[in-house]
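Structure, as structure tokens:
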């Protein structure tokens, strides 16, 4: 079992998207989603940051149960509810299922979404980054804390990435194994809080 960890600097419920029956990581973080060493059963861990004011806090942890292509994700009826509705609720607005191939040109189509420019105009920067990760990561075995993020005890903080990039090989397996046991022993699976960055909408 492997571990991949990264710092989260904004949390809108888009990456990861914890809503419904599945927690999914479909956009952003292509170095994780396309990592040749990532296997079914591995854990992806997102921790807090100075920018969010919650460094060393656990925002989410998901055990990878499925890994499918972005096109397969788009076509899978299980994930139709994750296709964004930009004038809908916050959950709908931050749906992560918005990439698919043009049947004629095979070019990527970016549907109107949180990663589009104003007016639903495709955002080339996001298209390049998001589609560089070929896979959508899917889990029903997940813990999402959001604005109820919990402070990670000091003995487990080696799971946290100290830089901007993801951390994997540098995570001591015995520490990570004990950390996941701590999570399982102390918290129920599923959603514990709202996305941290939603407070910007509430203030507005």
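Descriptive notes on the structure:
- A Förster radius of 25 Å combined with the Cβ-Cβ distance from residue 108 to residue 199 puts the calculated FRET efficiency at roughly 0.20.
- Helix-only [θ]222 nm of the chain, DSSP H runs n ≥ 4, -39500 (n - 2.57) each, per residue, nearest 500: -5000 deg cm²/dmol
- Separation between Cα centres of the range 1-77 and the range 178-195, rounded to whole Å: 15
- Hydrodynamic radius of the chain per Kirkwood, over alpha carbon pairs, in Å: 17.2
- Between the helical axis of 173-186 and the longest alpha-carbon principal axis of the chain there is an angle of about 80 degrees.
- Additional length obtainable on full extension of the chain from residue 151 to residue 188, 0.36 nm per residue less Cα span: 11.7 nm
- Each Cα pair under 8 Å and six or more residues apart adds its sequence gap; the mean of these over the residue count of the chain is a relative contact order of 29 percent.
- All Cα pairs of the range 81-166, percent lying beyond 21 Å: 49
- Residues residue 162 and residue 140, FRET efficiency given R0 of 30 Å [Cβ-Cβ distance, rounded to 0.05]: 0.50
- Pairs of alpha carbons in the range 1-113 separated by more than 26 Å make up 21% of all such pairs.
- Where both bridge residues fall in the chain, DSSP classifies roughly 75% of the beta bridges as antiparallel.
Every number here is computed from the coordinates shown, using simple stated rules; none is lab data. These figures come from a predicted structure and were not determined experimentally. Here Cβ is always computed from backbone atoms with ideal geometry, including for glycine, and neighbour counts include all displayed protein chains.
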